[in-house]
1. Quick one: Ser106, Ser59, fewest Cβ neighbours within 10 Å first, how do they rank?
2. Between region 30-57 and region 83-110, what is the separation of their alpha carbon centroids in Å?
3. Starting from the 7 Å offset along Cα-to-Cβ, what nm value, one decimal, do you get for the label separation of Thr4 and Asp17?
4. What does region 12-108 give for Rg and for Dmax, in Å, if only its C-alpha atoms count?
5. Select from Leu107, Met1, Phe93 the residue farthest towards the positive end of the dipole of the chain; place +1 on Cβ of Lys and Arg, -1 on Cβ of Asp and Glu, and compute about the Cα centre.
6. Of the peptides 33-40, 5-12, how do they stack up when ordered by the mean number of other Cβ atoms within 10 Å, highest first?
7. Taking the Cα centre as origin and putting +1 on Lys and Arg beta-carbons and -1 on Asp and Glu beta-carbons, what dipole magnitude results for the chain, to the nearest 20 debye?
8. Applying the Karplus parametrisation 6.51 cos²θ - 1.76 cosθ + 1.60 with θ = phi - 60° to the phi angles of region 68-81, what ³J(HN,Hα) value in whole Hz is obtained for each residue in order, glycine and proline being reported as x?
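Quick note: the coordinates plus some simple rules give every number you see, no bench work behind them. If you're wondering where the values come from, they're calculated on a predicted model, not measured in any experiment. No Cβ is skipped: glycine too gets one built from the backbone with ideal geometry, and neighbour counts run over all protein chains shown.
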Amino acid sequence: MILTPPNEPLPLEPDADGVIRVGKTRVTLDTVVAAFNEGATAEEIVQQYPSLSLADVYSVIAYYLNRRADVDAYLEQRRENAVKVREENERRFPPAGIRERLLARSLERK
């Protein structure tokens, strides 16, 4: 018997916002890579995120290890975008004095 290497699809799918998710779950590529880089094994990642399959986590880790520069560039782009969104939100809704504003609003309702 000759074993033929499988040509299985990668369990990564971008959502409508371009965020890459693992399998049919809400767990992001960012989450799996961060856990792996913090020293978690594939089994520990699945234990922490039970919606993931062990095979998918191993596939994602292999993909990351084979394309580290590309994945790291994607993750950096996501971090930069998060900073921009945070800055825009803080510009539109200044966090200074938010506690006082919320307390005042709750007192108005009483």
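1. Ser106, Ser59
2. Measuring centre to centre over Cα atoms gives 35 Å.
3. 4.1
4. 18.1, 58
5. In the chain, that residue is Leu107.
6. For the peptides 33-40, 5-12, the packing ranking is 33-40, 5-12.
7. Charge dipole of the chain: 760 debye, to the nearest 20.
8. Values per residue, Gly and Pro as x: 4, 4, 5, 5, 4, 5, 4, 5, 5, 4, 5, 5, 4, 5 Hz.
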